[in-house]
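The values are calculated or read from the model by the stated rules, or taken from the named source; none is laboratory data. In this text the structure is predicted, and so the values were computed from the model without any measurement. Neighbour counts run over all protein chains shown; Cβ positions are idealised from the backbone, glycine included.
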Amino acid sequence: MHDPIIVPSFAKVNLGLSILGKRGDGYHLIDSIFQTISLKDFLHFKFEGNNITVTTNSLSISDGLSNLVYRAAKLFQERTMKKLDITIYIDKKIPVEAGLGGGSSNAGATLQTLNRLFDYPLSSDELMEIAKDLGSDVPFFLKGGTAHVMGRGEMIEWCEDLPPLYFLLVIPPFSVSTQWAFQHWDKIGDSTLTNKGLSFILDEVKKGRKEILGELKNSFERVILNEYPQIREIMAKLKRLKPINVLLSGSGPTVFSIFGSGTYDRGRGEILEGNFTTLRCRSVSREEYCNSLKLKED
């Protein structure tokens, strides 16, 4: 019997996102840089009861069978034939449907934590197979850090961590469905937004040229800004702070500005309007991410 434990579950931002088209199976092809950030949920694992139970402090997500954490635990149980008598409580800090990968992060952290607690019955490849079944972003959250992500999210090139970056996130009081955003992108296409080669940008940032992050774009921007003019206004206000760049994360609605140092709080009060939330975050390296989950090296 294990003692109760608490593990962090970090959010991510998209440092650029290009939609390259739609596959025959309905999934879209993307090209993006994922980066874990210091905003995080906390997962409480307690070994009790006689089944898998998932609860949460959030009214925005299900705590039943459709919850990604429940599905992750269930697939782990089925693959390993280990009987899980466990309660997992999700202390939700990452906003839901905000383009920050909260649900996928919870699932990835759950898989890694259960694997550790049961003395690693599954290999990294087996964990990756389960993660792909759970959702497009879940594989990234098995390791975190910086990654070049392609395909529908399952093609991951794990990259050397970027130098420290700092972010000011602005989160509107509403969510945007990724499915809705893709459906509307299908209608208008993407004739104007392109990212300079993401591999080239990553290489240049590692050389110290953080300013090249200003070349990054997000293909969802036209769709989201057309539908939500208030996001357009927030982006304009963030640009007055003279960051390296201002971007949507994923399909939004979260907007974030990128700074090269931690001294970026000037003018923050101007952005606080209505129920918009502003959060200061920093990048989280793969080493920090893996250490936080106490993961062993492959």
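Scanning region 49-66 for residues that are surrounded by fewer than 18 Cβ atoms within 10 Å (Cβ to Cβ) and either among the hydrophobic types (A, V, I, L, M, F, W, C) or within 13 Å of LYS83 (Cα to Cα) (or both) returns GLY49, ASN50, ASN51, LEU59, LEU65. Can you tell me which residue within region 49-63, out of those that are hydrophobic (A, V, I, L, M, F, W, C) and in contact with a strand residue (DSSP E or B) (Cβ under 8 Å, 6 or more places away or on another chain), is nearest to LYS93 (Cα to Cα)? Restricting to residues being hydrophobic (A, V, I, L, M, F, W, C) and in contact with a strand residue (DSSP E or B) (Cβ under 8 Å, 6 or more places away or on another chain), the top hit is ILE61.
Here region 24-48 is the region considered, the condition is being touching a strand residue (DSSP E or B) at 6+ places or on another chain (Cβ under 6 Å) and surrounded by fewer than 18 Cβ atoms within 10 Å (Cβ to Cβ), and the residue that is farthest from SER199 (Cα to Cα) is GLU48.
Looking at region 42-54, is at least one residue out of contact with any helix residue (DSSP H, G or I) (no Cβ under 7 Å at 6 or more places or on another chain) and of a type in the set (A, V, I, L, M)? No, the conditions are met nowhere in region 42-54. Any residue in region 23-30 that is among the β-branched types (Val, Ile, Thr), farther than 21 Å from PRO121 by Cβ and within 16 Å of the chain's Cα centre (by Cα)? Yes - at least one qualifying residue is present in region 23-30. If you go through region 85-122 and keep only what is under 16 Å from TRP158 (Cβ atoms) and either among the polar types (S, T, N, Q) or surrounded by fewer than 21 Cβ atoms within 10 Å (Cβ to Cβ) (or both), you end up with just GLN112. Scan region 108-142 for residues that are closer than 25 Å to PRO4 by Cβ, part of a loop (DSSP other than H, G, I, E, B) and of a type outside the set (Phe, Trp, Tyr) and the total you get is 3.
Scanning region 127-179 for residues that are among the β-branched types (Val, Ile, Thr), buried (at least 20 other Cβ atoms within 10 Å of the Cβ) and not assigned by TED's automatic domain parsing to the domain that holds ARG71 yields VAL170, ILE171, VAL176.
Yes/no per residue for (1) small (Gly, Ala, Ser); (2) under 24 Å from GLY108 (Cβ atoms); (3) at pLDDT below 90; (4) not in a loop (DSSP other than H, G, I, E, B):
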| residue | (1), (2), (3), (4) |
| --- | --- |
| LYS187 | no, no, yes, yes |
| SER191 | yes, no, yes, no |
| ARG222 | no, no, yes, yes |
| PRO243 | no, no, no, no |
| TYR264 | no, no, yes, no |
| GLU270 | no, no, yes, yes |
| THR278 | no, no, yes, yes |
| CYS281 | no, yes, no, yes |
| CYS290 | no, yes, no, yes |
